[in-house]
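Inspection log for the structure reproduced underneath, given as structure tokens.
Every number here is computed from the coordinates shown, using simple stated rules; none is lab data. Everything numeric in this text was worked out from a predicted model, so none of it was measured. Positions of Cβ are generated from backbone atoms using ideal geometry, with glycine treated the same way; all protein chains shown enter the neighbour counts.
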Amino acid sequence: MDKEKGQSAGRRLRVLFVCLGNICRSPAAEIVCRAALERAGLAAAVEVDSCGTAAYHVGQKPDARMLAALERAGYRYGGHRARVFRRSDFREFDLIIPQDESNREDLLAQARSAEEGRRVLPMSTWFADGESEREVPDPYYGGAAGFDAVVALLERSMPRLVQELRGRLADS
Ligand code: 4NP
């Protein structure tokens, strides 16, 4: 690899997953994405974080039902505590990934330039072909199956997201 470009030049991409409460979908996306990046050999090149658009659960661990679903799928909680989206995130992250349309609208309402808005791309951008969902559904008011379904949907999205991140690293 060209030492002046890509990972070996120390360029890091920063990715922020966003949902409403930052206790179900976005921490799951963070954990599933980090594992996919590790498998792809890109963990050192991409920094991953998550937050919510609402402050209801700030400081809390992910929802116990989401942690159980992640554990069933073989993932381990990395210590994340819920935080709310802040305007400085537009500067600090290359890619800001809302889980559903409502999260996307809430983020775009806070953007103050076209450049900030361009950093916001919904999770569905990387859904696998033939996916029946149009967004990552909120599992909060449902049962365990909904949490398992979110983890599985996120996992199916990772090949394309990792491919995009690999491409951005190569171009940088
Ligand atoms: P999340 O799920 O946005 O995926 O973290 C929710 C968490 C909390 C609430 C709704 C959804 N709530 O209404 O408190």
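Some observations on this one:
- Only DSSP H runs of four or more residues enter the estimate; each adds -39500 (n - 2.57), and after division by the residues of the chain the mean residue ellipticity at 222 nm equals -13000 deg cm²/dmol.
- Residue exposure sequence - F127, F17 - by fewest surrounding Cβ within 10 Å: F127, F17
- D_trans [Stokes-Einstein, Kirkwood Rh over alpha-carbon pairs] for the range 109-151, 10 °C, 1.306 mPa s, µm² s⁻¹: 125 µm²/s
- Under the combined filter of DSSP loop state and at most 15 neighbouring Cβ atoms within 10 Å, the range 82-135 retains these GluC sites (Glu not before Pro): E131, E133.
- Between D171 and A55, the distance separating the two model label sites (each 7 Å from Cα on the Cα→Cβ line) works out to 3.6 nm.
- Span from the the range 20-79 Cα centroid across to the the range 123-168 one, whole angstrom: 13 Å
- Loop-resident sites, the range 34-84, for trypsin sites (Lys or Arg not before Pro), counting at most 11 other Cβ within 10 Å (DSSP): R76
- Low-density loop positions, chymotrypsin sites (Phe, Trp or Tyr not before Pro), the range 76-115 - DSSP coil, at most 15 other Cβ in 10 Å: Y77
- Relative contact order of the chain, defined on C-alpha pairs under 8 angstrom at six or more residues apart (%): 28 percent
- Calculated diffusion of the chain, Stokes-Einstein form, Kirkwood radius summed over Cα pairs, 37 °C and 0.692 mPa s, µm²/s: 203 µm²/s
- Sorting C24, C33 by the number of Cβ atoms found within 10 Å of their own Cβ, with the fewest placed first, yields C33, C24.
- Each other residue within a Cβ distance under 9 Å of G78 adds +1 if Lys or Arg and -1 if Asp or Glu, for a net charge of +1.
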